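Input: a single structure, listed below in structure tokens.
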Amino acid sequence: MSKPIEMSKVTLFALQKERARLLGSIQALGVLQPVEIKRDSVELEKPRQIGTIKEVADSLIAVSRLVRVLKLAERKTDMVQNVLGLEFLEKKGIARKDDATLLQNAQDFLKEHEEGLVALEEQHTALVEEEDEITTHKQVIEQLSALDVPLAELADTSKLGMLVARIPVEHAAVLRKALENKKTVAFKMNALSKKEYVVTLISLQRSLQDASTLLKQHGGSIISLPAWALREDPSDYIGSQLEHVGAEKTKVLAQITGLSETLFEESVVLREELEIAKERLEATHKMLDSTSFFVMQGWVPSKDIDHFKDSLTKEMKAVTVLVEEPGKDDNVPVALQNRKSLKPFEMLTELYALPKYGDLDPTFIVGPLFLIFAAFMLTDAVYGLGLVLLGAVILKKFAKYDEGLKQIGIIITGMGSLTMLFGVLTGSYFGDLPKYFFGVSSAELAFWKDPLADPLYFLILSIAVAVLYLNIGFVLGMKEDIRKKDYKTMLRDRVLWFVLQIGIALLALGINPPLLFGVGLATLILAGAVIGIVVMHGPLGLLGISGLMGDMISFSRLFALSLSTAGIALAVNLLANLVSEVPFVGLILAFLIFLMGHTFGFVMNSIGSFVHSLRLQFVEFFGRFYEGGGDKFTPLKEDRYYSEVKE
């Protein structure tokens, strides 16, 4: 049973002139999480020098804008890039730079390329907006023409004016009555869609503003058209304008593409370096300064303390490192530590909540049992093979670029392997498909039992697993209570429920010999547990009994989902077999039903197994002992996706 990594509180004292160098070394080591220091001395104050931070932040904004401009170019990207959102895959080797050199590089890059790229972006934006405007007018013109609205006559005269507006259908009737009462207005109303009407309105110029106000009061949206749209047939003009704008946009994109081929990777790497520098410099806000030195504080894993101290003191003589154990009131960050085989399942624990510092890390039991439960619910050898292949693709294609996807790939592969095992044990290969080819049923192929042939056995097994697993949770909770010396909680939330289960079990087995005044042993145990629950929890505590029973019954989903997988597969196979006898197209229909049915079954049951197995961990199991509430350890480090430092 594991606990989070032990942490040590580190306080650093160094000369002001060493600040940048010290921060760079700390970030390169990547093992210290800075924390804000409380100002307890009048001689120490928050740092005031923020000039470099502002310059880095401004340069980062400018370079990020240029990256966005260069991304307008058409670039060939593969599936890995699209899934992970990476700009490119192969990391570029770079030399480590100090802040002054990095800023100079950024300013040189911006001086050379910013003006031209920003101008191209503005041209492209203007052309896109013009294209959108013309396209919108084209759609409006087509809609109005279909309603016989006289576009060529919409131009105002000295005495008359015309308006065209969209009106929500719920306001149409009221607007019609209001317009009919206007003596200086003539109008026509046509249904544009189920939700809107189009109103064409002619009014005297002196009443045109009143008519416009009336339309707006009834939810109307005035349609404004440019002068070229009021021609007899504006379609030729629209076509030529769209063609012209498209050609201009192509020219601009060609220029951006030419620049992107030489500048894109450089700009992305520069952006990443600026992001790393910004994060490093922002740690300055958590320090305290005096006239000649500064103080920095943070958390470092205890196992890394010696290396951390040696690395800093070797590089800088004028630095002092003080190490102390966490205090009772310290909010210590949490980093999990598990053996390599359990590392992928740490994400499941984090998905719920990290343990508090010093508390039990449940990954050691949650990981393996999550896989077993999920595989048991899926229970088909071929579906398991599909998961193994999916996991292998993820590991081969994505693992080296993203640690999270690597862990997911391992989990899916493990789940698939165990699903294949349970599929062989229960004789399930695409359900009962072997019966149609070899005349052998799943029950005959099973090395264990077939869920469809013996459902009661699997239901009883599921409940037995529930009793065992939930009581493991109680035991783990007792262990934590003893460590914390919280014996009241141990009695109230663990022991009483053990006693209650013992009483119920004895009654169920008929073991109830008379003990006190003729009252049976099991009855006394059960009554004592109930009284204890009422005393410790109050009368509403009795609801916990039904809650515990509900949690145990909830494990019947193990049986239900394994039955569901087998049942859906059976139905698909049966339907495919029936339609296969249809003349001419029977085999094609059977193949399509088989393919779509089993694809649906594989996807839905795989997702269901994953989700329901998680639910059994998070709701039923964790509810017995686990609290969570820890804050993740987030050290100051260099997160590099596009570059690597060549020392």
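The values are calculated or read from the model by the stated rules, or taken from the named source; none is laboratory data. Only a predicted model underlies this, so the values are computations on that prediction, with no experimental measurement involved. A quick note on method: Cβ atoms are made from the backbone with ideal geometry, for glycine too, and the neighbour counts reach across all protein chains shown. For the accessible areas, the whole protein counts, side chains as well, though only heavy atoms, and no ligand, DNA or RNA atoms are used. Shrake-Rupley method; radii C 1.70, N 1.55, O 1.52, S 1.80 Å.
What are the pairs with Cβ atoms under 8 angstrom where one residue, in segment 553-575, is touching a residue at least 40 places away in the same chain (Cβ under 8 Å) and the other, located anywhere, is open to solvent by 50 Å² or more (accessible area, probe 1.4 Å) and among the β-branched types (Val, Ile, Thr)? Sequence gap at least six, or different chains.
Listed by first residue and then by second, the contacts come to ILE553/ILE463; SER554/VAL619; PHE555/ILE463; SER556/ILE463.
If I ask for residues that are of a type in the set (Val, Ile, Thr) and open to solvent by 50 Å² or more (accessible area, probe 1.4 Å), which ones from segment 436-474 would you list?
ILE460, ILE463, VAL467, ILE472
Output the number of the condition that GLU638 fails; it satisfies all remaining conditions of (1) closer than 30 Å to VAL268 by Cβ; (2) open to solvent by 50 Å² or more (accessible area, probe 1.4 Å).
Exception for GLU638: condition (2).
Taking the options VAL63, VAL31, VAL67, VAL56, name whichever one is among the β-branched types (Val, Ile, Thr) and touching a strand residue (DSSP E or B) at 6+ places or on another chain (Cβ under 7 Å).
One residue alone meets the criteria, VAL31.
Could we say that THR426 is polar (S, T, N, Q), within 30 Å of LEU84 (Cα to Cα) and crowded, with 18+ Cβ neighbours inside 10 Å here?
no
Could you list, in sequence order, all residues of segment 163-215 that are in a helix (DSSP H, G or I), closer than 24 Å to HIS137 by Cα, touching a residue at least 12 places away in the same chain (Cβ under 8 Å) and not hydrophobic (A, V, I, L, M, F, W, C)?
Of everything in segment 163-215, just one residue is in a helix (DSSP H, G or I), closer than 24 Å to HIS137 by Cα, touching a residue at least 12 places away in the same chain (Cβ under 8 Å) and not hydrophobic (A, V, I, L, M, F, W, C), namely SER212.
Can you work out which of the residues in segment 252-263 that are loosely packed, with under 14 Cβ neighbours inside 10 Å and of a type outside the set (A, V, I, L, M) is farthest from GLU130 (Cα to Cα)?
The selected residue is THR262.
Among the numbered conditions (1) within 23 Å of LEU542 (Cα to Cα); (2) open to solvent by 40 Å² or more (accessible area, probe 1.4 Å); (3) not small (Gly, Ala, Ser), tell me where ASP481 comes up short.
Of (1) within 23 Å of LEU542 (Cα to Cα); (2) open to solvent by 40 Å² or more (accessible area, probe 1.4 Å); (3) not small (Gly, Ala, Ser), only one is false for ASP481: (2).
Is there a residue in segment 275-292 that is crowded, with 20+ Cβ neighbours inside 10 Å, touching a residue at least 24 places away in the same chain (Cβ under 8 Å) and among the basic types (Lys, Arg)?
yes
Across segment 332-367, what is the total count of residues that are open to solvent by 50 Å² or more (accessible area, probe 1.4 Å), assigned to a helix (DSSP H, G or I) and of a type outside the set (Lys, Arg)?
Looking only at that region, the number is 6.
Give ALA277, ALA283 a once-over and let me know the one that is under 30 Å from PRO47 (Cβ atoms) and touching an Asp or Glu at 6+ places or on another chain (Cβ under 8 Å).
Among ALA277, ALA283, only ALA277 is under 30 Å from PRO47 (Cβ atoms) and touching an Asp or Glu at 6+ places or on another chain (Cβ under 8 Å).
Pairs under 7 Å by beta carbon, first residue at positive phi in segment 416-433, partner part of a helix (DSSP H, G or I) and crowded, with 24+ Cβ neighbours inside 10 Å, six or more apart or different chains?
Filtered contacts from segment 416-433: GLY427/SER442; PHE430/ALA569; GLY431/ALA566; GLY431/ALA569.
Looking at segment 107-127, which of the residues that are under 36 Å from the mean Cα position of the chain (by Cα) and free of Cβ contacts under 8 Å to residues at least 12 places away in the same chain is nearest to GLU273 (Cα to Cα)?
GLU122
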